[in-house]
Structure formats: C-alpha cells, structure tokens
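Take a look at the structure below.
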Amino acid sequence: MLQQTPVVRVLPVWESWMERWPTPEDLAAEPAGEAVRAWEKLGYPRRALRLHACARELVEVHGGEVPADLEELLALPGVGEYTAAAVASFAFGVPAAVVDTNVRRVEARAWTGNALPEPSYTRAEARLAHELMPDTSTPEGIAEANAWNAASMELGALICTARSPRCDECPVQASCAWIAAGRPAPHYTPKGQAWEGTDRQVRGAMMAVLRAADGAVPAAALRTPGDPAEAGSAPQDAGLEPDAVPTLRALRRLAAGAEQRERCLAGLLADGLAVADGEGVALPA
DNA sequence: CAGCCGTGGGA
DNA sequence: TTCCCAAGGCT
C-alpha cells in the first residue's frame, strides 16, 4: 500500500484491511475483486491484485507465513527490491539495504551533493546505498544496519524532504555534501506526470465505476463517450444502482473518444482488474 | 532503461 | 490555482 502512496493516506485503509483480513489466509479466501474494492482510492489498483495474489502464494507456498528470506520475499507478487528489503529489515531484523525514495534523496544530497536523486534508480545509487550500510558481520552491526535503514528513511521523510528541506533541523547538515556545495539546483528538470486526457485518467474513472457498482456494469456504459446533448440522463438508463451513477457520470464527462475508452477497457480486462461476461463488466470474482 | 500505471494533499 | 510527487513494481 505504501508503494508510491503517502503514509497518511494508507493508514485508514490498512487499519480496515487488517481488521477484515488479519492473516494471509483470510485475504486469500476472498475473490480478487474484493481486494480491489477494499483498495478504495489508494490508486494503482494493480497493487491490490498483486497483494491478493501474494496472500494466496503465502498460503500455498509458505504455509501462510511471510518469509524472512530476501530472495523468497522478492519472488512474491508485488514485492520488489525495496519492499523485500523493508520487510526483511523491519519485520525480521534481516539487514538488507532498504532504498526507497527517501533514502535515495538523503544519499543524493548528503553524500553525492545533488539536490535530487537520479530520475531512475541507477547502479551507482545502489552501490552507494550498499557501501553506506553498517557492517553486518556482528550482531551489533546487524542491529545498527537495521537502525540505519529506519533512520535514513525517517530523515528523508521528516527533514530532508523533496520540496523544502529543513536543513536547519538536520542532524547531518555539518557533513552534507549538498549544503557544502551551496545547495545547487537539480541537475535535471523532472518531467511531470501528465494526467488530463491520459489512459490513466480514463482507467481510474472506469475502476471507480466498478468499485461503486455491486455487480456487473454494461460494457457499453463504460466505453460509450458521453453525449453532451443527453445532459447526464444516460447513466440512469444504463440501469445501474444509484451509488454508481456519479462515477459513471464522471467517466462519461471525460474528454476521451470511443477509441481510447475501448483501449482502456481492454487494458483493464487484460490486467485482470476487471472481467467480462454476458452480464457485463465487473470486478474479478 | 524508459514508460506506464492512480490519487489527492500540500506547497 | 497549478504543480509536485509520494515507504515502487513490472514489462
């Protein structure tokens, strides 16, 4: 849930999930669509699908337990280098190098002297991160490495922030390469994420409809562009339950043609975020 | 590696 | 108001 999503937005959903599905077995017993629905508006709903698949794999391959081994973690759906290391280090005390966006930024500034980490995670960054890890050949070193991971992340999240870092409160400002260099501007200009008119926007609106609907939604309701002349009477005609009407209205209002809508719907089906049958389109069973 | 995949709060 | 970007992963 925390992948690319702020902690404060994740917390309430996580609480709800843990109450409803305390163990991997509980989640694994549900249809994948329930995970997607309970994902609510965290975004990137494929993560819900992967988390559900992960729960099933934990049950079927790992006896319902989360493995502590880095390679076994890495093999789980939706678990990449960062998540595997974070679970190993924070949950099990296995000192893997935890390199998230916060750590990358801290190391880019304090050691490399750049305002921002590279646009994509580079070998050089990974090498630096591993070099900086405390030696783990002793029990004390292992504890130190795990503390290092937590400390690096927190420093980046609370002090060495992306926008306006609080250098005056920073415990390492005296040795910070970026400050020493006079806090130079970024060596590149981040290319912002486009949103208006993108497939992501259309897919998101389609997923909102499916989450709001109890059962299936007619495919035509999803792929038909809104007709301004109809002035919003079409959603009710589609025969949806009232809860889904606002979301469908929002979908139809998007400036997306039939071709784009068709492509997006096909994409959702291909991704397994939705399934189609004679009734229409619904969250996966 | 580059591109893609949601969402919304804060600067 | 607009823009930035957040505990990334996968193809």
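The values are calculated or read from the model by the stated rules, or taken from the named source; none is laboratory data. This one's a predicted model, so the numbers in the text were calculated from it and none came from an experiment. Heads up, the Cβs are rebuilt from the backbone with ideal geometry, glycines too, and the neighbour counts pull from every protein chain shown. These accessible areas exclude ligands, DNA and RNA; they are computed on the full protein's heavy atoms, side chains included. Shrake-Rupley method; radii C 1.70, N 1.55, O 1.52, S 1.80 Å.
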* About the Cα centre, charge dipole magnitude for the stretch A:1-84 (Lys/Arg +1, Asp/Glu -1 at Cβ), debye -> 560 debye
* Accessible surface, the stretch A:7-65, averaged per residue in Å² (probe 1.4 Å) -> 58 Å²
* To do: Quick one: what are the phi-derived ³J(HN,Hα) couplings along the stretch A:33-43, Karplus 6.51/-1.76/1.60 with θ = phi - 60°, whole Hz, x for glycine and proline?
  => x, 5, 5, 5, 5, 6, 5, 6, 10, 6, x
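Using the alpha carbons of the stretch A:127-285, what is the convex hull volume per residue in cubic angstrom, as a whole number? Walk me through the numbers on the way to the answer.
Working: hull volume 36.3 nm³, N = 159.
Dividing the Cα hull volume of the stretch A:127-285 by its residues yields 228 Å³.
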* **Of the DSSP H helices in chain A, those whose Cα atoms cover at least 15 Å axially and whose Kyte score averages 0.0 or more** => A:7-20, A:199-212
* Asked: If you bin every alpha carbon distance in the stretch A:7-65 into 10 Å steps from zero, what whole percent lands in each bin?
  -> 25, 56, 19, 1
* Using θ = phi - 60° and the Karplus curve 6.51 cos²θ - 1.76 cosθ + 1.60, what whole-Hz ³J(HN,Hα) does each residue of the stretch A:72-88 get, with Gly and Pro shown as x? -> 5, 5, 4, 7, 6, x, x, 9, x, 4, 5, 5, 4, 5, 5, 5, 4
* Which Cα, out of A:ALA124, A:VAL87, A:PRO77, lies furthest along the positive dipole direction of the stretch A:59-126 (beta carbon charges, K/R +1, D/E -1)? -> A:ALA124
* Would you kindly state how much longer the chain becomes between A:ARG183 and A:ARG123 on full extension, computed as 0.36 nm times their sequence separation minus their alpha carbon distance, in nm to one decimal? => 19.2 nm
* Could you work out the Rg to Rh ratio of chain A, with Rh taken as the Kirkwood radius (inverse of the mean 1/r over all Cα pairs)? => 1.05
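Please report, as a whole percent, how much of the solvent-accessible surface of chain A comes from carbon and sulfur atoms (probe radius 1.4 Å). Show your work: numbers first, answer last.
Numbers: 8650 of 15550 Å².
That share works out to 56 percent.
Please compute the per residue accessible area over the stretch A:101-180 with all protein chains in place, 1.4 Å probe, rounded to a whole number of Å². It would help to have the intermediate numbers written out before the result.
Working: 4510 Å² over 80 residues.
Solvent-accessible surface per residue comes out at 56 Å².
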* **5 angstrom amide H check on A:VAL217, placed H, neighbours 5+ away** => A:VAL281, A:ALA282
* To do: Before rounding to the nearest 500, sum -39500 (n - 2.57) across all DSSP H runs of length at least 4 in chain A and divide by the residue total; then give [θ] at 222 nm in deg cm²/dmol.
  => -13500 deg cm²/dmol
* For the stretch A:5-85, what's the relative contact order in percent, using C-alpha pairs closer than 8 Å and at least 6 residues apart? -> 26 percent
* If you take the Cα Rg of the stretch A:199-282 and divide it by 2.2 N^0.38 Å, with N the number of residues, what do you get? -> 0.96
* Asked: Once label points are set 7 Å from the Cα along Cα→Cβ at both A:ALA270 and A:ALA91, what is their separation, rounded to one decimal in nm?
  -> 3.2 nm
